[in-house]
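Reviewing the structure listed below.
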Amino acid sequence: MTTEATHTDQRAGGTTHAGLQAWVDEVAAMTTPDHIEWVTGSDAEWTRLTDKLVEAGTFVRLNEEKKPNSFYAASDPTDVARVEDRTYICSVDEKDAGPTNNWMDPNEMKDLMRGLYAGCMKGRTMYVIPFVMGHVEAENPMFGVEITDSEYVVVSMRVMARCGVNVLRRIEELGENAKYVPALHSVGAPLEPGQKDVKWPCNPEKYIVQFPEERMIWSFGSGYGGNALLGKKCYSLRIASAMARDEGWLAEHMLILKLISPEQQVYYIAAAFPSACGKTNLAMLAPTIPGWKVETLGDDIAWMRFGKDGRLYAVNPEFGFFGVAPGTNEHTNPNAMKTINKGNSVFTNVALTDDRDIWWEGLENTPAHATSWKGLDWTPDSAELSSHANSRYCTPIEQCDILADEYYDPQGVPISAIFFGGRRKTTVPLVTESRDWTHGTFMGATLSSETTAAATGAVGVVRRDPMAMLPFIGYNAGDYFQHWINMGKDADASKLPKIFYVNWFRRDDDGGFLWPGFGENSRVLKWAIERIEGKAAAVETPIGHVPTPESLDTDGLDMSDADIAAALKVDPEEWKAEIPQIEEWFAKFGENLPTELQIELDGLKARLGLE
Ligand code: GDP
Ligand code: PGA
Ligand code: MN
Ligand code: MN
């Protein structure tokens, strides 16, 4: 591949931005693709790429009547989730990656990866995707350029981020002053002349690498969303968290929702739960309590900055939803169902029905026969699941009927409450209110959750997942805790969001969920707002304030008083058993642990009667 060949290609594009063109040329020289295409974002391009994916067997076009302009894909069975053990923060200094990230010297990593990238796009097309996370009209637009050799990635990026020629033109207008994150991706599967491609090219050797000082991303070997759509986790969380530390803001793994009370009071809430722990569902909640309404702003990522009025404002940098499919249905998430039924979506690792629609565990209308994500015949009697537990839908956010108008405001929305939460079978009550920002930061820093299928590895193991950011903090997590504390210290305390901790996943003695969840979670949102308004009662416990049974709106809730009490229970013995785990967790950070968090832990121990 030579640069001259690029300029003879109709779709070759290219840019007047010399720095960007030089990087693209350099990558092409290293990876030696057969063609180069600049992604424009046009409808014709979408059609051409999706047709190409259908022809390659990667995509199956779904039934036009049921899911217009939508596609089914099944990945290689080894490439189904984020690979946390292959994910690196390559800071110059090892201590800046901290105890929670994999680290390698950046130069060593680059040498190693240049070896992998050499000739890795042979036989393929290299796509250059100019994109912006957040608004192109933002004061400092957050540009990125992803280079990839995967059409699946291009199509998915077009759903998940604002991409294409408008973004490129803006980068060119800003000229050499334009800052953009270069993000290089390859599936790592070069093709020899005449070699037939597989449906899902990938490489058993995977590296997902962030260079935080250079604000650069290199990803190799995987086609899975979180590893390959580099605007999402790699940029908007890992790289952005390092930017946020340097510039005094927050890049968080949070949904953003708008809650409207029966009196038409508006509140904005952000919530951080680990992957596959309920963000997308809460973001699109259909409240069961009369008169309350929810609108969506985002389901996975929030960038938060203090406004001139001293309040914390959040924006969602994304353009689509990348949602967990299993469990999504007309009851649990009617708004997600309406969104995907409008089409223009990609479904990965779900089941394909005989009439070319999709199905997954938990969806209505179980088919008598389908093709499983592994390509096998599936019937309701099959021993194996039809869909991978981390199967996903990828759908445009603008198709969501309850998208709030404020989604389009580059300033974002002022947050009244932050929720942390995770999956815990025991110990953690339905909702706890923190005493103040520092205590809330302690709650976030000690957040615990059972692992899920969203990352490879064991499922159901309790681990600490601080602020639901364990796999996404782009620097030393101890410094990240300090950054959270400092953000609170520098602010007007009366304007800070109130911090709450929730657990929808506590179990009863038979192993069933105590709390019905989904739309019923509106009761917890209402309690939180009434706490902020000074209207709801609470009991003070060693871990914080929890609702009195009367203060939680349980009208029409199908739950016994005993179950409600069990969901709200704070058992000092269970919490005493939690302490050694928190101590072990904090010990990892050594001198990087903020004193404030040690003081919070000491306070909790004292309230539990320890020491
Ligand atoms: P996200 O990955 O954090 O966005 O989580 P999702 O909202 O996609 O949910 C992940 C899984 O948890 C899905 O299977 C949901 O059906 C399930 N889930 C979400 N909210 C609740 C809830 O309130 N209660 C219960 N029991 N399950 C939930
Ligand atoms: P999730 O997003 O949080 O919706 O699961 C994907 C991920 O975190 O890998
Ligand atoms: Mn996520
Ligand atoms: Mn989600």
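Here are a few things to note about the model shown:
- Take the conditions (1) touching a residue at least 60 places away in the same chain (Cβ under 8 Å); (2) assigned by the TED database to the domain that holds G310; D436 misses just one of them, which is (1).
- Positions within the stretch 15-40 being assigned to a loop (DSSP other than H, G, I, E, B) and closer than 23 Å to Y152 by Cβ, in sequence order: T32, P33, D34, V39, T40
- Scanning the stretch 309-325 for residues that are part of a strand (DSSP E or B), away from ligand 4 (no atom under 15 Å from the Cβ) and surrounded by fewer than 24 Cβ atoms within 10 Å (Cβ to Cβ) yields one hit, Y313.
- Scanning the stretch 256-295 for residues that are more than 15 Å from ligand 3 (Cβ to nearest atom) and part of a strand (DSSP E or B) yields L257, K258, L259, I260, V266, Y267, Y268, I269, K293, V294, E295.
- Residues that are surrounded by fewer than 19 Cβ atoms within 10 Å (Cβ to Cβ), in contact with a Pro (Cβ under 8 Å, 6 or more places away or on another chain) and modelled with pLDDT of 95 or more do not occur anywhere in the stretch 247-261.
- Candidates are the residues of the stretch 137-168 that are open to solvent by 10 Å² or more (accessible area, probe 1.4 Å) and small (G, A, S); the one that is nearest to Y180 (Cα to Cα) is A138.
- Residue check for L259: away from ligand 4 (no atom under 13 Å from the Cβ) and touching a helix residue (DSSP H, G or I) at 6+ places or on another chain (Cβ under 6 Å): yes
- Selection from the stretch 179-234 of residues that are among the aliphatic types (A, V, I, L, M) and open to solvent by 10 Å² or more (accessible area, probe 1.4 Å): A189, L191, V198, M216
- Filter result (in a loop (DSSP other than H, G, I, E, B) and among the small types (G, A, S)) within the stretch 331-364: G343, S345, G362
- Residues of the stretch 151-179 classified as more than 21 Å from E45 (Cα to Cα) and not aliphatic (A, V, I, L, M), total: 6
- So D354, is it away from ligand 2 (no atom under 15 Å from the Cβ), over 19 Å from A454 (Cβ atoms) and in contact with a His (Cβ under 9 Å, 6 or more places away or on another chain): yes
- Restricting the stretch 490-530 to residues that are assigned to a helix (DSSP H, G or I) and of a type in the set (S, T, N, Q), the residue that is most open to solvent (accessible area, probe 1.4 Å) is S494.
- Going through (1) within 13 Å of ligand 1 (Cβ to nearest atom); (2) open to solvent by 30 Å² or more (accessible area, probe 1.4 Å); (3) among the hydrophobic types (A, V, I, L, M, F, W, C) one by one, L285 falls short only on (2).
- Of residues in the stretch 262-282 being open to solvent by 10 Å² or more (accessible area, probe 1.4 Å) and away from ligand 4 (no atom under 14 Å from the Cβ), the one nearest to the chain's Cα centre (by Cα): Y268
- Selection status of A73, buried (at least 22 other Cβ atoms within 10 Å of the Cβ), of a type in the set (A, V, I, L, M, F, W, C) and not assigned by the TED database to the domain that holds F472: yes
Condition check ((1) among the charged types (D, E, K, R); (2) within 16 Å of ligand 1 (Cβ to nearest atom)) across all residues:
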position	(1), (2)
S434	no, no
V461	no, no
D479	yes, no
G488	no, no
K495	yes, no
I499	no, no
G512	no, yes
L525	no, yes
V539	no, no
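- Verdict on E584 being assigned to a helix (DSSP H, G or I), free of Cβ contacts under 8 Å to residues at least 12 places away in the same chain and within 28 Å of the chain's Cα centre (by Cα): yes
- Selected residue [touching a residue at least 12 places away in the same chain (Cβ under 8 Å), open to solvent by 30 Å² or more (accessible area, probe 1.4 Å) and at positive phi] from G123, G134, G98: G123
- Filter pass, G320 being in contact with a strand residue (DSSP E or B) (Cβ under 7 Å, 6 or more places away or on another chain), within 16 Å of ligand 1 (Cβ to nearest atom) and more than 17 Å from N521 (Cβ to Cβ): yes
- Qualifying residue in the stretch 386-408 (condition: of a type outside the set (F, W, Y) and over 30 Å from V350 (Cβ atoms)): yes
- For the stretch 246-260, the criterion of being outside the structural domain of D558 (by the TED database), within 28 Å of D149 (Cα to Cα) and charged (D, E, K, R) is met by none of the residues.
The values are calculated or read from the model by the stated rules, or taken from the named source; none is laboratory data. All of these numbers come straight from a predicted model, not from anything done at the bench. With ideal geometry, Cβ positions are generated from the backbone for all residues, glycine too; neighbour counts draw on all protein chains shown. Side chains are part of the model used for accessible areas, which takes the heavy atoms of the whole protein and leaves out ligands, DNA and RNA. Shrake-Rupley method; radii C 1.70, N 1.55, O 1.52, S 1.80 Å.
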